[in-house]
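Asks: So that we are looking at the same thing, I have put the structure below in structure tokens.
The values are calculated or read from the model by the stated rules, or taken from the named source; none is laboratory data. Since the structure is predicted, the reported quantities are computational estimates derived from the model, not experimental observations. Neighbour counts are summed over all protein chains in view; Cβ atoms, including those assigned to glycine, are modelled from backbone coordinates with ideal geometry.
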Amino acid sequence: MLFLDDIALDNLPVPKWLVDGVISENSLVVLYGKPGCGKSFVALDLALAIATSRSWQGRQITRGSVLYVAAEGLTGLVARVRGWKREHDVERVRRARFHSGALHMLNYSEVNAFIQEAKELSPVLVIIDTLARCMVGGDEDSAQDTGTFIEYADRIRTALKATVLILHHPAKRIRTERGSSALRGAVDTMIEQSSSGRMLTLKCEKQKDAAPFDSICFKLKPVAIGDSMTTCVVVPTDGESAADGISPSEANVLDALKCAGGRMSSQRLARASGLKERTFYRTLKELIQHNSIKKTNRDQRVWYEIVEPEAVAATATGLPRR
């Protein structure tokens, strides 16, 4: 039957929430924000909450398996997962799987192979981090390339009956996502993530089948995961001041240092942090003032090292910084 009457419509299933009031099941979602704003921290926190059947920032979720496409590599995620497990007192996250490297979202054969392997896991959420890294050989400004990306993302969604969450970047001169407007037109939910000082904010810019959700605020909390290693986890603000957390730019620098074993030269650290030069040096100054890192001169080069984890963790516990 080609046409449905009102009775047939009444019998169609009503959309269900993957995250109550925020993200629906079996949908396409974009989370976009500036590099270094903490998008991956938020996406990973959501993924691990779903995989361990716990609420997400006070909201009910649909539990199930998750797949995380780490197109920028697993190096940073390894420590973040360890930190998340320590913060939440979780020994294993059995229903989370990670895909190392880019998934070529303009390549039908590769997307189809991904779907076939993923079917065995029956995920409820697939995270693509990021659109740029997975649009290999494509042009984000091209409606045709973006349309192909959307088509294959939708193919993943329908084949796996899973929500597909795409991490993306903003345009340079206007406050919207980067690239073709075809992306915004196609997705069910569009979320902007911003940071101000030590606060992270999620703002709903599009909610296709429901009312937009109110803005959600977080902070990043430092967590020690070894003798000389720290990472950060996303936690609610709970009415606390912004100074009780850590800024995304600080988290990026600490993350880069941690992945390098706790010490890096200034030039390498600047590249690894992904921050603009002005933001990078301002962040270094703040971290030194907080006694989270220290500056040394060696071999005619400037080096930065992580101070012991207890000093970094003081930013989250309210202990005085030395």
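Asks: Can you pull out the residues in the stretch 223-257 that are at pLDDT below 80, of a type in the set (Val, Ile, Thr) and more than 17 Å from Cys37 (Cβ to Cβ)?
Replies: Answer for the stretch 223-257, where residues must be at pLDDT below 80, of a type in the set (Val, Ile, Thr) and more than 17 Å from Cys37 (Cβ to Cβ): just Thr230.
Asks: Would you point out the residue of the stretch 175-190, among those that are farther than 12 Å from Gly33 by Cβ and among the charged types (D, E, K, R), that is surrounded by the fewest Cβ atoms within 10 Å (Cβ to Cβ)?
Replies: If we take residues in the stretch 175-190 being farther than 12 Å from Gly33 by Cβ and among the charged types (D, E, K, R), then Arg184 is surrounded by the fewest Cβ atoms within 10 Å (Cβ to Cβ).
Asks: Follow-up question, since we're still on this one. Please determine, by comparing only the residues of the stretch 209-220 that are in contact (Cβ under 8 Å) with a residue 40 or more places away in the chain and not β-branched (Val, Ile, Thr), which one is surrounded by the fewest Cβ atoms within 10 Å (Cβ to Cβ).
Replies: Asp209
Asks: May I ask you to list the residues in the stretch 2-28 that are surrounded by 10 or more Cβ atoms within 10 Å (Cβ to Cβ) and not hydrophobic (A, V, I, L, M, F, W, C)?
Replies: Step one: of the stretch 2-28, the residues surrounded by 10 or more Cβ atoms within 10 Å (Cβ to Cβ) are 4, 8, 15-28.
Scanning the stretch 2-28 gives Pro15, Lys16, Asp20, Gly21, Ser24, Glu25, Asn26, Ser27.
Asks: Mind counting the residues in the stretch 52-84 that are touching a helix residue (DSSP H, G or I) at 6+ places or on another chain (Cβ under 8 Å) and under 18 Å from Gly226 (Cβ atoms)?
Replies: 7
Asks: Next up: Hey, among the residues in the stretch 156-197 that are of a type in the set (Asp, Glu) and in a strand (DSSP E or B), which one's farthest from the chain's Cα centre (by Cα)? Don't jump to the end; show me each part of the working.
Replies: To start, the set of residues in the stretch 156-197 that are of a type in the set (Asp, Glu) comprises 177, 188, 192.
Cutting the leftovers down to in a strand (DSSP E or B) gives us 177, 192.
Details: Glu177: 15, Glu192: 12 Å.
Out of the qualifying residues, it is Glu177.
Asks: What are the pairs, 6+ residues apart or on separate chains, where a residue within the stretch 277-294 that is more than 17 Å from Thr231 (Cα to Cα) has its Cβ under 6 Å from a residue that is part of a helix (DSSP H, G or I)?
Replies: What qualifies is Thr279/Ser249; Phe280/Ala270; Phe280/Ser273.
Asks: Kindly check whether there is at least one residue in the stretch 142-151 that is within 15 Å of the chain's Cα centre (by Cα) and not aromatic (Phe, Trp, Tyr).
Replies: No, every residue in the stretch 142-151 fails to be within 15 Å of the chain's Cα centre (by Cα) and not aromatic (Phe, Trp, Tyr).
Asks: If I filter the stretch 82-92 for residues that are assigned by TED's automatic domain parsing to the domain that holds Val66 and under 21 Å from Glu25 (Cβ atoms), do I get at least one hit?
Replies: For the stretch 82-92, residues assigned by TED's automatic domain parsing to the domain that holds Val66 and under 21 Å from Glu25 (Cβ atoms): absent.
Asks: Moving on to the next point. Could you grab me the full set of residues in the stretch 273-314 that are within 17 Å of Ala79 (Cβ to Cβ), at pLDDT below 85 and under 25 Å from the mean Cα position of the chain (by Cα)?
Replies: Ser273, Gly274, Ser292, Ile306, Pro309, Val312, Ala313
Asks: Any residue at all in the stretch 157-166 that is assigned by TED's automatic domain parsing to the domain that holds Asn107, crowded, with 16+ Cβ neighbours inside 10 Å and closer than 24 Å to Ala256 by Cα?
Replies: Within the stretch 157-166, one or more residues are assigned by TED's automatic domain parsing to the domain that holds Asn107, crowded, with 16+ Cβ neighbours inside 10 Å and closer than 24 Å to Ala256 by Cα.
Asks: Oh, and also: Being part of a strand (DSSP E or B), touching an Asp or Glu at 6+ places or on another chain (Cβ under 9 Å) and of a type outside the set (Val, Ile, Thr) is the filter here, so list the residues in the stretch 14-65 that pass it.
Replies: Residues satisfying the conditions are Trp17, Leu18, Ser24, Leu28, Leu31, Tyr32, Trp56, Arg59.
Asks: Please work out which one of (1) out of contact with any Phe, Trp or Tyr (no Cβ under 8 Å at 6 or more places or on another chain); (2) among the hydroxyl-bearing types (Ser, Thr, Tyr); (3) within 21 Å of Gln207 (Cβ to Cβ) is the condition Ser100 fails and give its number.
Replies: Looking at each condition in turn, Ser100 falls short on (3).
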